[in-house]
Amino acid sequence: MNETPTRDFIRQIIHDDLESGKHDGIVTRFPPEPNGYLHIGHVMSICLNFGVAEETGGITYLRFDDTNPGKEDKEFVDAIEADVHWLGFDWQDRLTNASDYFGQLYDAAVRLVEMGLAYVDSLTAEETREYRGTLTEPGRNSPYRDRPVEENLDLLKRMRAGEFGDGEHVLRAKIDMASPNMNLRDPALYRIRHVSHQHTGDAWCIYPMYDFAHSLSDAFEGITHSLCTLEFEDHRPLYDWFLDQLKPEHRPRQIEFSRLNLAYTITSKRKLSELIGEGHVAGWDDPRMPTIAGMRRRGYPAPALRDFVRRAGVTKKDKLIEMSMLENSVREALGDAAERRMAVLKPLKVVLTNFPEGQVETMDAMNHPNDPSRGTRTVPFSRELWIEQDDFMEEAPRKFFRLKPGGEVRLRSAYIIQCDEVVKDDDGNVIELRCSYDPETRSGMPKSDRKVKGTIHWVSAEHAVDAQVRLYDRLFTVPNPNTADDYHSVLNPDSLETVAAKLEPALGELAAGEAVQFERLGYFAIDSRDDRADARVFNRVVTLRDSWAKIEKAAMAAEQGGS
RNA sequence: UGGGGCGUAGCCAAGUGGUAAGGCAACGGGUUUUGAUCCCGUGAUUCGCAGGUUCGAUCCCUGCCGCCCCAGCCA
C-alpha cells in the first residue's frame, strides 16, 4: 500500500513556506471538540494535520476545543485519544486544551476592551438577533456599543466575578455591523455560563467563543498552518482580525479544505447520537457506525483508513465518495494480512455415503494461498459435513459451477464429491444432500487435479465450532441520507443480519484483533465487545468481490426486461 | 435579490497556454483447488455553458448557469 501522499494544494503551500524560509518548521494541530466520537470525516483531518507534520519533520498538537462546558464530556476525550492513537498518530507531550489558555484569553479580551475594540453588550439574545440584520440587510449598532472603556472594563470584571446571570451580558468585538460577512457584525467573544468545566471546574463563569479562542490558541502554540474545513472559510477574516489587533508573537495561517463525505452514511454528531438514543444502533462503536470506534470494532485496519483518505485527496471541492472506494482500501489491506479459514454461514448437511462412519481424516490447508511461506493448518474431515446453502441448487442454470443433483464439485483442500440424492422435508425444503466422494481425489494426490469446474468450502459437522456471525450492510438505503426529509425514513432495515455459523476448529482459538478471510465469503474479525471463548462472535468486515452475484443480478434484470 | 467557496468520465483526482495522468466503479479477456487475488484490455475530439483574446485555451478575459456554506450568547 502506497502511503506517500501526492502534493495537494495545502502541502504545496507548506512546501513553499519551507522553501522560501517563511517557516523553519511546521506546527499543526488537530482540534476536536469533545462532544462526540470521531468519525470518517475526522480521519481526513487527522491524517492531514499529523501527516503534513510527519512529512516535514514538524510537530502536531492534539488540542481539545473545550470552550463550551455542558456539551463536552470526559468520555469523549478518552475516546478521541484512543482513536487518534489507534489510527497511528502520536502527539507525544503535546496534548492541550483551549481551556489551558483561559487566562491568556481573558487578558487578551481585556486588551481589546482597552483598545476600544470590544464592548460589553446587554441586549438579550433575541434582541441581538434582531439587531444583526439579515443576509441582505445590514445590522444596526447596539445601543450599548459606545459604552466608555472604563465602564466596559468594569462590567467585564464583574462578568468574570460572577455578578451576573447567564445571558445578562456578553462581550463583543467592535467591528462592523454592516459587514456583508455576518461573522464581522460584532461577534461575541465571551458569554456568561454558570456551569462547571471538566478542567477548570468553577474557576470561570464566562467562556470564550470559538473564533476568539481558536485564533489565539493557534497563535499561542505557534501553529504555522491551521487547517480546517470549508465552512470556516468566511470566519478567516475574523481569525485574522484577532491576530491583526493583538499582534501575538506567532502568526498562524488558516487554510480550508473540503470535508470528506461517504455515500450511504451520515456524520452529523447530532444524528449519530440520535441513532444511538433511539436504538437503531448499539452505540458509538456499533460496527455499522462511520465512527473510528465503530470501524475499528468492525475490523477495518487503520492502514486501510489512512490509504482511503490518501486516495480521496485534499481539495476544496465538495465530495461524496462511493463506499466501494473505502471497501477497496479495506480489501487491499486485508488481502495480504488476513489468513484464510473456512466457515459456513448458512449450513446445509452433506452426508458422504461411501465414507466410513466414525473415520476422521486430517487435511492440510494453506493459510494463505498467495503466500505459501505462511504455512498450513490441519482441518478435520469426516462423513458428515456442512456446506453453504447457496452452494447447492436443485435446478441450476448452466453457469452455476457449484453443487447440483448428479453434479460434481471440489471440496476446498479435500475431495471431489458428487451429489447423488436430495433429501427434503415435508414442506419440500432441501434439508440434506447424500453424496459420494472420490477417494483418489484428495488434495495433493495425483488424481486431485482432475478438471472440476467448482470449488466450495465446508466444515466437518462433528468438529464444527458454533459461532454467531454478524453480517453488516450499509446503514442507509440512499447515497446521501442528508438530503432526505427525514433520515429515519431511509434507514436500511437490513443493515444487520445475525447467523448461527459453523466454523472450522482453528477458528475456535483465533486471537481477538486478528482479522481472517472466510474463504469465498469475506473478511471477518472477532467482535471486541461480545465475543467469549465459549461463544464466539464474529463481525463481517467486508465481503469478497462477487462476480457470481453480478451475473445473477444481470440475469434477473434481463429476465425482468421481458425479452 | 448580500458575502464566501466550488464546478475535469458514474465517484474521487492530476494537469493551469501547446493539444486531457492515476485510483475506484463498470465492461471485455487470461490465470486460478477462493466465481477471490493476480494479469491484460476498453472509456473525456473534451474539461458547467456561451462569447472573446491567442497560431493554439481545461488553463487568460467577459457574461451566464448550477451546487455548497454563512443571519448560535455552537464548533
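The values are calculated or read from the model by the stated rules, or taken from the named source; none is laboratory data. What you are looking at is a predicted structure, and each value in this text was computed from that prediction instead of being measured. Note that we place each Cβ from the backbone using ideal geometry, even for glycine, and neighbour counts take in every protein chain shown. In case anyone asks, the SASA skips ligands and DNA or RNA and just uses the protein heavy atoms, side chains included. Shrake-Rupley method; radii C 1.70, N 1.55, O 1.52, S 1.80 Å.
I need two numbers for chain A: Rg to one decimal and Dmax as a whole number, Cα atoms only, in Å.
30.9, 102
What number comes out for accessible area per residue over chain A if the probe is 1.4 Å? Units Å², please.
Numbers: 25860 Å² over 563 residues.
Value for chain A: 46 Å² per residue.
May I ask for the distance between the Cα centers of the range A:513-563 and the range A:24-43, given as a whole number of Å?
33
Grab the DSSP H runs of chain A that are 4 residues or longer, score each as -39,500 (n - 2.57), total them, divide by all residues and round the 222 nm result to the nearest 500 deg cm²/dmol.
-8500 deg cm²/dmol
Measuring from a point 7 Å past the Cα of A:Asp473 along Cα-to-C-beta, which residues in the range A:526-547 have an amide N at less than 14 Å?
A:543
Express the relative contact order of chain A as a whole percentage, based on alpha carbon pairs under 8 Å and six or more residues apart in sequence.
Relative contact order comes out at 12 percent.
How big, on average over all directions, is the shadow cast by the Cα convex hull of the range A:1-146, in nm²?
Numbers: hull surface 53.7 nm².
Mean projected area of the Cα convex hull: 13.4 nm².
Full extension from A:Thr362 to A:Asp530: what is 0.36 nm times the residue separation minus their Cα-Cα distance, to one decimal in nm?
That works out to 57.3 nm of additional length.
Please list, short to long, the whole-number percent of alpha-carbon pairs of the range A:103-210 in consecutive 10 angstrom bins beginning at zero.
The distribution over the range A:103-210 is 15, 47, 30, 7, 0, given as percents.
Which sequence of A:Ile46, A:Ile175 reflects their accessible areas, 1.4 Å probe, from the largest down?
A:Ile175, A:Ile46
If you bin every alpha carbon distance in the range A:466-561 into 10 Å steps from zero, what whole percent lands in each bin?
Over the range A:466-561, the share of Cα pairs per 10 Å bin runs 14, 33, 30, 19, 4, 0 percent.
Put a dot 7 Å past each Cα toward the Cβ at A:Met393 and A:Asp486; how far apart are the dots in nm?
So the two model labels end up 4.1 nm from each other.
If you take every residue apart from A:Ile526 with its C-beta less than 9 Å away from the C-beta of A:Ile526, what net charge results, scoring Lys and Arg +1 and Asp and Glu -1?
Within the 9 Å Cβ shell, the charges total -2.
Do any trypsin sites (Lys or Arg not before Pro) in the range A:1-104 lie in a DSSP loop with no more than 16 other beta carbon atoms within 10 Å, and if so, which?
Working: sites: A:Arg7, A:Arg11, A:Lys22, A:Arg29, A:Arg63, A:Lys71, A:Lys74, A:Arg94; in loops: A:Arg7, A:Lys22, A:Lys71, A:Arg94.
Those satisfying the criteria are A:Arg7, A:Lys22, A:Lys71, A:Arg94.
What is the sum of charges around A:Pro347, taking Lys and Arg as +1, Asp and Glu as -1, for the other residues whose C-beta is under 12 Å from the C-beta of A:Pro347? If you can, show how the numbers build up before the last one.
Numbers: positive: A:Lys346, A:Lys349, A:Lys502; negative: A:Glu384, A:Glu388, A:Asp390, A:Asp391, A:Glu432, A:Asp466.
Taking every other residue near A:Pro347 into account, the sum is -3.
If you stretched the chain out fully between A:Gln560 and A:Thr378, how much longer would it get, using 0.36 nm times the residue separation minus the C-alpha to C-alpha distance?
60.9 nm
So what's the range A:232-290 giving for Cα Rg divided by 2.2 N^0.38 Å, two decimals?
1.79
Write down Rg/Rh for the range A:343-457, rounded to two decimals, with Rg from the C-alpha atoms and Rh from the Kirkwood relation over Cα pairs.
In the range A:343-457, Rg relative to Rh is 0.97.
May I ask for the angle, rounded to the nearest 10°, between helix A:9-19 and the longest principal axis of chain A, with both axes built from Cα atoms and the value confined to 0 to 90°?
Value to nearest ten degrees: 60.
Given labels modelled 7 Å from the Cα in the Cβ direction, how far is it in nm from A:Lys346 to A:Arg145?
6.9
Dipole magnitude of the range A:172-252 about its Cα centre, charges +1 at Lys/Arg Cβ and -1 at Asp/Glu Cβ only, in debye to the nearest 20? Show your work: numbers first, answer last.
Working: 8 positive and 12 negative charges, 59 e Å.
Roughly 280 debye, rounded to the nearest 20.
Between A:Glu552 and A:Arg129, what is the FRET efficiency for a Förster distance of 60 Å, r being their Cβ-Cβ separation, to the nearest 0.05? It would help to have the intermediate numbers written out before the result.
Numbers: r = 58 Å, r/R0 = 0.97.
According to the calculation, E is roughly 0.55.
With each label point set 7 Å from Cα along the Cα-Cβ vector, what nm distance links A:Glu440 and A:Glu278?
Roughly 6.5 nm, to one decimal.
Could you please put A:Leu496, A:Leu521 in sequence from largest to smallest accessible area, using a 1.4 Å probe?
Solvent-accessible surface, decreasing: A:Leu496, A:Leu521.
Accessible area, 1.4 Å probe, largest first: how do A:Trp86, A:Trp284 sort?
A:Trp86, A:Trp284
Compute the length gained on full extension between A:Lys451 and A:Glu137: take 0.36 nm times their separation in residues and subtract their Cα-Cα distance, giving the result in nm to one decimal.
Between A:Lys451 and A:Glu137, full extension yields 105.1 nm more.
If you look at just the Cα atoms of the range A:524-563, how large are its Rg and its Dmax in Å?
Looking at the range A:524-563, its Cα Rg and Dmax stand at 18.0, 54 Å.
At 20 °C and 1.002 mPa s, what whole-number value in µm²/s does Stokes-Einstein give for the translational diffusion of the range A:451-497, with Rh from the Kirkwood sum over Cα pairs? Can you show the working numbers first?
Values: Rh = 14.5 Å.
In µm²/s, the coefficient is 148.
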